[in-house]
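Asker: Mind looking over this structure? Questions follow.
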Amino acid sequence: MATDFDAVVIGAGFAGLYMLHRLRLKGFTVRVFEAGTGVGGTWYWNRYPGARCDVESVQYSYQFSPELQQEWEWTERYATQPEILRYANHVADRFDLRRDIRFETRVTKAMFDDKAHAWIVETDKGDRVVARFVITAMGCLSSPNTPRIPGLEEFAGPTYHTGNWPHEGVDFTGKTVGVIGTGSSAIQSIPMIARQARHVTVFQRTANYTVPAHNRPLDSAYVGEVKANYEAMRRRAKAMPAGIDFAFNPASAIETDEAERRRLFEERWAYGGLGFMGSFSDLLLNAESNRTAADFVRAKIREVVKDPELADKLAPNNVIGCKRLCVDTGYWETFNLPHVTLVDVGDEPIERITAHGLRAKGKDYTFDCLVLATGFDAMTGALLRVDIRGRDGQSLQDKWKEGPKTYLGLTMAGFPNLFTITGPGSPSVLTNMLPSIEQHVEWIADCIEYIRSRGATLIEADAAAEEAWVGHVGETASGTLRSTCSSWYLGANIPGKPRVFMPYIGGFPAYIERCEAVVKAGYEGFAVL
Ligand code: N01
């Protein structure tokens with residue numbers, strides 16, 4: 001069977017764009033399929049008010065091109081969704097990527113042909129192309145979760161999901177709005193929605209921790225300084241578990257005296273952002289240490305929220321950092337506004353959606369518009385939505401029925417010549433996604449080049465290597481407090497999804513080292529034919 005392309009890439013977000021560019025540089029032919037009308041992935045779909053990245057813009061950016069890095073000007077400490085989308089479009093234009101991307105085309109099926117050592121890929125537009133390799137670049141948080149609350153289809157007003165927001169925006173002026181969810185998307189959007197709406201009712205199932213962003217415009221002196229020292233910053237970031245350059249205090253919270261501990265928490269709080277979790281090294285390892293940070297944040301909530309009963313409801317009681325920490329601008333303050341109401345639905349699920357609102361705990365709430373800030377079927381949802389069939393027609397759904405199994409989060413036994421960028425079993429969502437994406441893209445491109453250089457046509461993970469990696473990922477996760485709550489990392493937000501801690505928690509440096517060692521040992525754990 002002749003191939004149409006060396007590789008098919010699914011998705012034109014940051015992962016797909018760079019994968020296309022990198023493979024092209026090595027002389028491979030590539031076709032990218034993208035469901036949206038434009039590039040940008042998560043930043044194309046998540047257009048809700050207040051959407052921003054919670055990793056600082058100068059770090060949440062590509063580093064593969066020093067020229068790109070020097071020419072692009074970030075304007076705020078945390079870039080807004082429109083700015084990041086402009087950046088993605090700039091990259092697509094600058095590297096002339098669009099000509100190999102088919103937009104508004106969703107891949108529906110990919111089947112491995114055992115004899116041809118190639119994948120047959122089908123789309124909803126009727127394409128059927130043959131490629132030696134398939135690389136999924138579909139994002140970790142790209143399959144929106146619409147909860148199965150009875151009556152959802154009966155709601156008479158408009159319903160919006162934060163993960164699939166209308167391109168033209170939504171004007172909530174004079175409207176009453178119900179918001180379900182209090183995760184990152186809700187925490188960013190609620191203050192913005194409250195600026196316009198006549199009334200906002202927030203339905204909270206689990207109170208969440210958030211730290212202030214202290215966002216600010218970037219001045220040219222700071223940007224100049226970063227640009228002059230970009231390489232060193234990227235190097236420092238790569239040596240950090242999360243792939244983000246921030247100061248990490250090696251001390252233990254519980255072994256530090258109370259006054260000093262408080263001083264350090266205050267310092268990080270005043271600085272703002274995710275670096276709060278770097279106040280001490282054992283916040284996610286020792287429950288007592290974690291409690292010191294959690295108590296600190298709970299006290300902050302009580303300082304801000306004027307009504308003590310409301311403050312109690314907003315104060316989370318799980319481990320801080322177990323669910324993904326949020327970064328906000330004015331979230332707690334919003335609940336002091338007279339037109340914002342919190343309804344706790346933690347002890348009893350929402351009964352049903354009605355034509356004009358919803359019913360919870362025996363009480364009816366009415367609103368004109370419903371916002372579902374209910375998150376995603378994370379890490380596996382997008383992959384399982386495609387009918388992917390490996391050797392002997394085995395489906396990915398079948399392979400992953402007890403949870404995702406991968407070798408290095410990059411490949412799978414039984415699915416030769418298929419690569420997943422930031423797949424389950426890789427550090428992905430526990431890191432700054434951009435450097436993680438770049439590391440995967442470069443590893444995959446080098447691997448494909450290696451296969452070509454050997455005159456081979458197939459690479460496949462060994463079942464034993466995969467099993468050992470899955471075991472290592474699980475063991476590493478069980479040693480931290482991260483697996484102690486019902487988070488999307490564990491698949492706990494999706495009814496019926498197997499409870500498996502999906503990302504690799506061993507840290508970015510250890511992961512890079514492992515990937516490099518595998519290559520050095522001649523692609524250890526792989527069969528190459
Ligand atoms: O989704 P989430 P998200 N009834 O899953 C609630 C990234 N991100 O879109 O916690 C009632 O965190 C659910 O309740 P519970 C970031 O990695 C980044 O906000 O499951 N409530 C929860 O409160 C983030 O972690 C950025 O009990 C229901 C909420 O909906 C990830 O994306 C910005 C419910 C979902 O929260 C996902 O964030 C945005 C039901 N039936 C997102 N079902 C930045 O970079 C769900 N919920 C800043």
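The values are calculated or read from the model by the stated rules, or taken from the named source; none is laboratory data. Remember, it's a predicted structure, so these values are computed and weren't measured experimentally. We place every Cβ from the backbone using ideal geometry, glycine too, and count neighbours over all the protein chains shown.
Asker: Would the stretch 462-475 turn up any residue that is under 30 Å from Asn317 (Cα atoms), at pLDDT 95 or above and among the acidic types (Asp, Glu)?
Answerer: Looking for residues that are under 30 Å from Asn317 (Cα atoms), at pLDDT 95 or above and among the acidic types (Asp, Glu), one finds at least one in the stretch 462-475, hence yes.
Asker: Right, next: Among Thr182, Thr201, Thr173, which is the only one that is out of contact with any Cys (no Cβ under 9 Å at 6 or more places or on another chain), more than 30 Å from Leu396 (Cβ to Cβ), surrounded by 17 or more Cβ atoms within 10 Å (Cβ to Cβ) and hydroxyl-bearing (Ser, Thr, Tyr)? Give the derivation first.
Answerer: Numbers: Thr182 fails: out of contact with any Cys (no Cβ under 9 Å at 6 or more places or on another chain); Thr173 fails: surrounded by 17 or more Cβ atoms within 10 Å (Cβ to Cβ).
Among Thr182, Thr201, Thr173, only Thr201 is out of contact with any Cys (no Cβ under 9 Å at 6 or more places or on another chain), more than 30 Å from Leu396 (Cβ to Cβ), surrounded by 17 or more Cβ atoms within 10 Å (Cβ to Cβ) and hydroxyl-bearing (Ser, Thr, Tyr).
Asker: Right, here's the next one. Name the residue that is farthest from Ile437 (Cα to Cα), counting only residues in the stretch 490-529 that are within 16 Å of the chain's Cα centre (by Cα) and of a type in the set (Phe, Trp, Tyr).
Answerer: By that ranking, first place goes to Phe501.
Asker: One residue is enough: does the stretch 200-215 have a residue meeting the conditions over 25 Å from the mean Cα position of the chain (by Cα), away from the ligand (no atom under 16 Å from the Cβ) and hydrophobic (A, V, I, L, M, F, W, C)?
Answerer: Step one: list which residues in the stretch 200-215 are over 25 Å from the mean Cα position of the chain (by Cα), which gives 200-201.
If we keep only those that are away from the ligand (no atom under 16 Å from the Cβ) too, we end up with none.
No - not one qualifying residue is present in the stretch 200-215.
Asker: Free of Cβ contacts under 8 Å to residues at least 60 places away in the same chain and assigned to a loop (DSSP other than H, G, I, E, B): is that true of Asp54 in this structure? Reasoning before the result, please.
Answerer: Working: free of Cβ contacts under 8 Å to residues at least 60 places away in the same chain: no; assigned to a loop (DSSP other than H, G, I, E, B): yes.
No.
Asker: Another one. Can you tell me which residue in the stretch 362-399 is nearest to the ligand (Cβ to nearest atom), limited to those that are of a type in the set (S, T, N, Q) and crowded, with 21+ Cβ neighbours inside 10 Å? Before you say what the answer is, go through the steps one by one.
Answerer: Narrowing the stretch 362-399 to residues of a type in the set (S, T, N, Q): 366, 374, 380, 394-395, 397.
If we keep only those that are crowded, with 21+ Cβ neighbours inside 10 Å too, we end up with 374, 380.
Values: Thr374: 4, Thr380: 14 Å.
So the residue we want is Thr374.
Asker: Given the criterion of a type in the set (Gly, Ala, Ser), outside any loop (DSSP other than H, G, I, E, B) and over 30 Å from Tyr18 (Cα atoms), identify the matching residue among Gly157, Gly178, Gly163.
Answerer: Selected residue: Gly178, the only one of Gly157, Gly178, Gly163 that is of a type in the set (Gly, Ala, Ser), outside any loop (DSSP other than H, G, I, E, B) and over 30 Å from Tyr18 (Cα atoms).
Asker: Kindly establish whether Leu529 is farther than 24 Å from Ala15 by Cβ, away from the ligand (no atom under 16 Å from the Cβ) and surrounded by 18 or more Cβ atoms within 10 Å (Cβ to Cβ). First the steps, then the outcome.
Answerer: On the way: farther than 24 Å from Ala15 by Cβ: yes; away from the ligand (no atom under 16 Å from the Cβ): yes; surrounded by 18 or more Cβ atoms within 10 Å (Cβ to Cβ): no.
So Leu529 fails the test.
Asker: Can you find a residue in the stretch 66-79 that is within 27 Å of Leu383 (Cα to Cα) and part of a loop (DSSP other than H, G, I, E, B)?
Answerer: Our first condition is that a residue be within 27 Å of Leu383 (Cα to Cα); within the stretch 66-79, this holds for none.
Looking for residues that are within 27 Å of Leu383 (Cα to Cα) and part of a loop (DSSP other than H, G, I, E, B), one finds none in the stretch 66-79, hence no.
Asker: Moving to a separate point now. Looking at Asp347, Asp312, which one is free of Cβ contacts under 8 Å to residues at least 40 places away in the same chain, among the charged types (D, E, K, R) and not in a loop (DSSP other than H, G, I, E, B)? Show your work before the answer.
Answerer: Details: Asp347 fails: not in a loop (DSSP other than H, G, I, E, B).
One residue alone meets the criteria, Asp312.
Asker: Closer than 27 Å to Ile244 by Cβ, within 14 Å of the ligand (Cβ to nearest atom), surrounded by fewer than 24 Cβ atoms within 10 Å (Cβ to Cβ) and at pLDDT 95 or above: is that true of Tyr60 in this structure?
Answerer: Values: closer than 27 Å to Ile244 by Cβ: yes; within 14 Å of the ligand (Cβ to nearest atom): yes; surrounded by fewer than 24 Cβ atoms within 10 Å (Cβ to Cβ): yes; at pLDDT 95 or above: yes.
Spelling it out, Tyr60 is indeed closer than 27 Å to Ile244 by Cβ, within 14 Å of the ligand (Cβ to nearest atom), surrounded by fewer than 24 Cβ atoms within 10 Å (Cβ to Cβ) and at pLDDT 95 or above.
Asker: Related question: Based on this model, can you work out whether Ala242 counts as in contact with a helix residue (DSSP H, G or I) (Cβ under 6 Å, 6 or more places away or on another chain), modelled with pLDDT of 95 or more and within 16 Å of the ligand (Cβ to nearest atom)?
Answerer: On the way: in contact with a helix residue (DSSP H, G or I) (Cβ under 6 Å, 6 or more places away or on another chain): no; modelled with pLDDT of 95 or more: yes; within 16 Å of the ligand (Cβ to nearest atom): yes.
No, not satisfied.
Asker: I'd like the residue in the stretch 234-248 that is farther than 23 Å from Leu264 by Cα and touching a residue at least 12 places away in the same chain (Cβ under 8 Å) and, out of all such residues, is farthest from the chain's Cα centre (by Cα). Step through it out loud before you land on a result.
Answerer: The initial filter retains those residues of the stretch 234-248 that are farther than 23 Å from Leu264 by Cα, namely 234-235, 238.
Imposing the further condition that a residue be touching a residue at least 12 places away in the same chain (Cβ under 8 Å) reduces the set to 234, 238.
Values: Arg234: 20, Lys238: 18 Å.
Restricting to residues being farther than 23 Å from Leu264 by Cα and touching a residue at least 12 places away in the same chain (Cβ under 8 Å), the top hit is Arg234.
Asker: Here is a further query. Take Val327 and decide whether it is under 27 Å from the mean Cα position of the chain (by Cα) and in a strand (DSSP E or B). Show your work before the answer.
Answerer: Values: under 27 Å from the mean Cα position of the chain (by Cα): yes; in a strand (DSSP E or B): yes.
Considered against the rule, which asks whether it is under 27 Å from the mean Cα position of the chain (by Cα) and in a strand (DSSP E or B), Val327 comes out as yes.
Asker: Continuing with this model, one more query. Being buried (at least 16 other Cβ atoms within 10 Å of the Cβ) and not charged (D, E, K, R) is the filter here; which residues of the stretch 331-353 pass it?
Answerer: Correct list: Tyr331, Trp332, Thr334, Phe335, Val340, Leu342, Val343, Val345, Ile350, Ile353.
Asker: If I go through the stretch 325-355 residue by residue, how many of them are β-branched (Val, Ile, Thr) and within 11 Å of the ligand (Cβ to nearest atom)? Steps first, answer last, please.
Answerer: Of the stretch 325-355, the ones β-branched (Val, Ile, Thr) are 327, 329, 334, 340-341, 343, 345, 350, 353-354.
Keeping just the survivors that are within 11 Å of the ligand (Cβ to nearest atom) gives 327, 329, 343, 345, 350, 353.
Looking only at that region, the number is 6.
Asker: Which one is nearest to the ligand (Cβ to nearest atom) among residues in the stretch 103-154 that are over 17 Å from Gln394 (Cβ atoms), among the basic types (Lys, Arg) and not in a strand (DSSP E or B)?
Answerer: Arg148
Asker: Does the stretch 306-318 hold any residues that are away from the ligand (no atom under 13 Å from the Cβ) and not charged (D, E, K, R), and which are they? Break it down into steps so the answer makes sense when it comes.
Answerer: Pass one, the stretch 306-318, residues away from the ligand (no atom under 13 Å from the Cβ): 306-313, 315.
Matches in the stretch 306-318: Pro308, Leu310, Ala311, Ala315.
Asker: A follow-up question, please. Of these, Leu17, Leu25, Leu97, Leu85, which one is on the phi < 0 side of the Ramachandran plot, touching a Phe, Trp or Tyr at 6+ places or on another chain (Cβ under 6 Å) and not basic (Lys, Arg)? Lay out the reasoning, then the answer.
Answerer: Numbers: Leu17 fails: touching a Phe, Trp or Tyr at 6+ places or on another chain (Cβ under 6 Å); Leu25 fails: touching a Phe, Trp or Tyr at 6+ places or on another chain (Cβ under 6 Å); Leu97 fails: touching a Phe, Trp or Tyr at 6+ places or on another chain (Cβ under 6 Å).
Criteria check complete, one pass: Leu85.
Asker: Just to be sure, is Gly278 at positive phi and not hydrophobic (A, V, I, L, M, F, W, C)? So that I can check it myself, show each step before the final result.
Answerer: On the way: at positive phi: no; not hydrophobic (A, V, I, L, M, F, W, C): yes.
It is false that Gly278 is at positive phi and not hydrophobic (A, V, I, L, M, F, W, C).
Asker: Would you pick out the residues in the stretch 181-225 that are of a type in the set (A, V, I, L, M, F, W, C) and part of a loop (DSSP other than H, G, I, E, B)?
Answerer: Filtering the stretch 181-225 down to residues of a type in the set (A, V, I, L, M, F, W, C) leaves 186-187, 190, 192-194, 197, 200, 202-203, 207, 211, 213, 218, 221, 223.
Of everything in the stretch 181-225, those that are of a type in the set (A, V, I, L, M, F, W, C) and part of a loop (DSSP other than H, G, I, E, B) turn out to be Ala197, Ala207, Ala213, Leu218.
Asker: Further, regarding this structure: In the stretch 228-264, what count of residues is obtained for those that are part of a helix (DSSP H, G or I) and among the aromatic types (Phe, Trp, Tyr)?
Answerer: We begin by selecting, within the stretch 228-264, every residue part of a helix (DSSP H, G or I); these are 228, 230-238, 258-264.
Subset that is among the aromatic types (Phe, Trp, Tyr): 230.
Summing the residues that are part of a helix (DSSP H, G or I) and among the aromatic types (Phe, Trp, Tyr) in the stretch 228-264 gives 1.
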